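Enquirer: Would you mind keeping the following structure in view while I ask a few things?
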Amino acid sequence: MGGTIQLILIGGPGAGKGTQAEAICKAHPIPHISTGDILRREVAEGSELGVRVREIMDQGLLVDDATMLKVVEHRLQCPDTESGFILDGFPRTLDQARGLSEILKRRPVSKVCVLVLSVSDDEMTRRMMGRGRADDTPETVARRIAKFHRETEDAIAYYQEKGQLVRIDGEQGIGLVTRDVLNAIEDYLGWF
Ligand code: AMP
């Protein structure tokens, strides 16, 4: 139980969450749970949930908190999460963060480690523009960054108050970010 790693990875678009999640999974075999991926799969399968959330996702809006909490609660019931998990893209609102705390209270280990990959707006913009994706125009990039700040600042403040938050300098080279992330996980394991 002492080795259980319950991580929440928070970062804006282009902050390197996917890359770091991959590096964490190599060092610690825990499932990477991306709520965006789960929802996209539901949409592709045409499930009842998928049909319900498709339009919301297409418009770049947030799926409601009650639905998201049900999705995450269901996923966390899978036995592969016994040794821990990395949550990516969740929680995105204060109510999701509060709801997650309730879900985690019912697990053997309720403590989470929240890693925030800090990258300035300018650097996120530079990285996204560098991807050369058709939907990465200056306007959409600015909108996505603004959306990230609006959505997640309250959730970040919630964890900051609980003393569960670790800020990582996400502007360093990838290897250095990974080093800091893995060190933060070691410190967290020492909390038990
Ligand atoms: P992502 O891949 O994390 O950017 O998620 C893609 C889309 O899925 C978002 O634009 C939302 O419509 C939806 N979504 C994913 N995670 C959440 C969440 N925690 N709360 C609300 N909507 C979400």
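The values are calculated or read from the model by the stated rules, or taken from the named source; none is laboratory data. A quick note: this is a predicted structure, and the numbers were derived from the prediction, not measured. Methodologically, a virtual Cβ is constructed for each residue, glycine included, from the backbone with ideal geometry; neighbour enumeration extends over all protein chains shown. Areas reflect the complete protein model, heavy atoms only, side chains present, ligands, DNA and RNA absent. Shrake-Rupley method; radii C 1.70, N 1.55, O 1.52, S 1.80 Å.
Enquirer: Which residues, counting only those in the stretch 35-50, are surrounded by 15 or more Cβ atoms within 10 Å (Cβ to Cβ) and out of contact with any Phe, Trp or Tyr (no Cβ under 8 Å at 6 or more places or on another chain)? So that I can check it myself, show each step before the final result.
Expert: Our first condition is that a residue be surrounded by 15 or more Cβ atoms within 10 Å (Cβ to Cβ); within the stretch 35-50, this holds for 35, 38-40, 42-43, 49-50.
Within the stretch 35-50, ILE38, LEU39, ARG40, GLU42, VAL43, LEU49, GLY50 meet the criteria.
Enquirer: Could you check the stretch 73-89 and list, in sequence order, the residues that are in a helix (DSSP H, G or I), crowded, with 16+ Cβ neighbours inside 10 Å and either near the ligand (Cβ under 10 Å from one of its atoms) or not β-branched (Val, Ile, Thr) (or both)?
Expert: Hits for the stretch 73-89 are ARG75, LEU76.
Enquirer: Would you be able to tell me the number of residues in the stretch 20-72 that are more than 11 Å from the ligand (Cβ to nearest atom), part of a loop (DSSP other than H, G, I, E, B) and either in contact (Cβ under 8 Å) with a residue 60 or more places away in the chain or within 21 Å of LYS147 (Cβ to Cβ) (or both)?
Expert: 1
Enquirer: So if I check each of GLU171, GLU161, which one is of a type outside the set (Phe, Trp, Tyr) and either in a loop (DSSP other than H, G, I, E, B) or farther than 19 Å from LEU7 by Cα (or both)?
Expert: After applying the criteria, what remains is GLU171.
Enquirer: To continue, here is another question. Determine if the stretch 177-185 includes at least one residue that is surrounded by fewer than 19 Cβ atoms within 10 Å (Cβ to Cβ) and at pLDDT below 95.
Expert: No, the conditions are met nowhere in the stretch 177-185.
Enquirer: Something else about it: Looking at (1) open to solvent by 50 Å² or more (accessible area, probe 1.4 Å); (2) more than 9 Å from the ligand (Cβ to nearest atom), which one does ARG92 not meet, given that it meets all the others?
Expert: Of (1) open to solvent by 50 Å² or more (accessible area, probe 1.4 Å); (2) more than 9 Å from the ligand (Cβ to nearest atom), only one is false for ARG92: (2).
Enquirer: Right, something else. Could you tell me which residue of the stretch 114-158 is surrounded by the fewest Cβ atoms within 10 Å (Cβ to Cβ), considering only residues that are without any contact (Cβ under 8 Å) to a residue 40 or more places away in the chain, over 26 Å from ASP95 (Cα atoms) and hydrophobic (A, V, I, L, M, F, W, C)?
Expert: Going through the qualifying residues, I end up with ALA134.
Enquirer: Kindly provide the set of residues from the stretch 95-109 that are surrounded by 14 or more Cβ atoms within 10 Å (Cβ to Cβ) and either within 12 Å of the ligand (Cβ to nearest atom) or without any contact (Cβ under 8 Å) to a residue 24 or more places away in the chain (or both), ordered by number.
Expert: Scanning the stretch 95-109 gives ASP95, GLN96, ALA97, GLY99, LEU100, SER101.
Enquirer: Moving to a separate point now. Residues of the stretch 1-22 being among the basic types (Lys, Arg) and open to solvent by less than 10 Å² (accessible area, probe 1.4 Å), which ones? It would help to see each step written out before you state the result.
Expert: Quick first cut of the stretch 1-22, residues among the basic types (Lys, Arg) only: 17.
Scanning the stretch 1-22 gives no hits.
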